[in-house]
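S.K.: Structure provided below as structure tokens; questions to follow.
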Amino acid sequence: MENQFTKLLEERRSIYSLGKSVTLSEDEIVGLVAKAVKESPSSFNSQTSRAVVLFGAAHNKVWDITEEVLLKAVPEGQDFTPTKQKIESFRAAFGTILFFEDTSIVKALQKQFALYADNFPIWSEQSTGIAQNSVWTALAVENIGGSLQHYNPLIDSAVQAEWNLSADWKLTGQMPIGSIEAPAGEKEYMDDSARVLVFK
Ligand SMILES: Cc1cc2nc3c(=O)[nH]c(=O)nc-3n(C[C@H](O)[C@H](O)[C@H](O)COP(=O)(O)O)c2cc1C
């Protein structure tokens, strides 16, 4: 069986060919991001997930930071061209959403509920994944494509300094978003019967 929601889930794909021709306003995009993060579940309703939405010069800046950091990290003699091209493709997008988890809340919960201390960081990582998927799907429904990138922790300190963010906010993902300039590639699926087991 399918329903409205599962059909919407299908619309979310990793889109790597992104452009700036979006029809939604920046405010509308921010509104969708805020609502999608707000309605995403978190352990103990701890609401640890945060998002920073970058447009214009700020969007370019995060990819400048990434390029700079990667250039320093690349072994001498290694061709930087493919990496540079990849970053250029993210720069070509309309904006970037940075996802974070507020570790101050995680630490407070670990103190408050010692029995679950080991679980809170895991649940926090799960929460950011749920929030990312909510945002990714909400935007896909509006024909805005995106992909999920992980240049953290390499870029963490530069990002924190650039936007004066709390040191408690742990960067968990970067999502370039924009108009869909080329569709997602074919996706292979494993068999549902191996994925979902049913017992009665
Ligand atoms: C936890 C997680 C981490 C991922 N990390 C990356 C990444 O660093 N770079 C990237 O291009 N895609 C990343 N992806 C995207 C996956 O490669 C992609 O979702 C998967 O191949 C399925 O394709 P689809 O998104 O088009 O459905 C990540 C996805 C998940 C769920």
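The values are calculated or read from the model by the stated rules, or taken from the named source; none is laboratory data. Just so it is clear, the structure is predicted and the values come from calculations on it, not from any experiment. Cβ coordinates were reconstructed from backbone atoms using ideal geometry, including for glycine residues, and neighbour counts include every protein chain displayed.
S.K.: Counting just the residues of region 29-43 that are part of a helix (DSSP H, G or I) and surrounded by 14 or more Cβ atoms within 10 Å (Cβ to Cβ), which one comes out farthest from the ligand (Cβ to nearest atom)?
M.R.: Val30
S.K.: So Ile177 fits all but one of (1) among the aliphatic types (A, V, I, L, M); (2) surrounded by 14 or more Cβ atoms within 10 Å (Cβ to Cβ); (3) outside any strand (DSSP E or B); what number is the exception?
M.R.: Unmet condition: (3).
S.K.: Any residue in region 137-157 that's of a type in the set (Val, Ile, Thr) and within 13 Å of the ligand (Cβ to nearest atom): show its pairings with residues that are in a loop (DSSP other than H, G, I, E, B) and at pLDDT 95 or above at Cβ separation under 6 Å, as long as the two are six or more apart or on different chains.
M.R.: Note: pairs meeting the criteria are Thr137/Arg12.
S.K.: Picking from Val53, Val74, which residue would you name as being more than 16 Å from the ligand (Cβ to nearest atom) and at pLDDT below 95?
M.R.: Val74
S.K.: Under 9 Å by Cβ, and 6 or more places apart or on different chains, what pairs join a residue from region 9-28 that is away from the ligand (no atom under 16 Å from the Cβ) with one that is of a type in the set (Ser, Thr, Tyr)?
M.R.: Gly19/Ser179; Lys20/Ser179; Ser21/Ser179; Val22/Ser179; Thr23/Ser179
S.K.: Which one is nearest to Ile87 (Cα to Cα), of the residues in region 158-175 that are within 10 Å of the ligand (Cβ to nearest atom) and touching a helix residue (DSSP H, G or I) at 6+ places or on another chain (Cβ under 6 Å)?
M.R.: The selected residue is Gly173.
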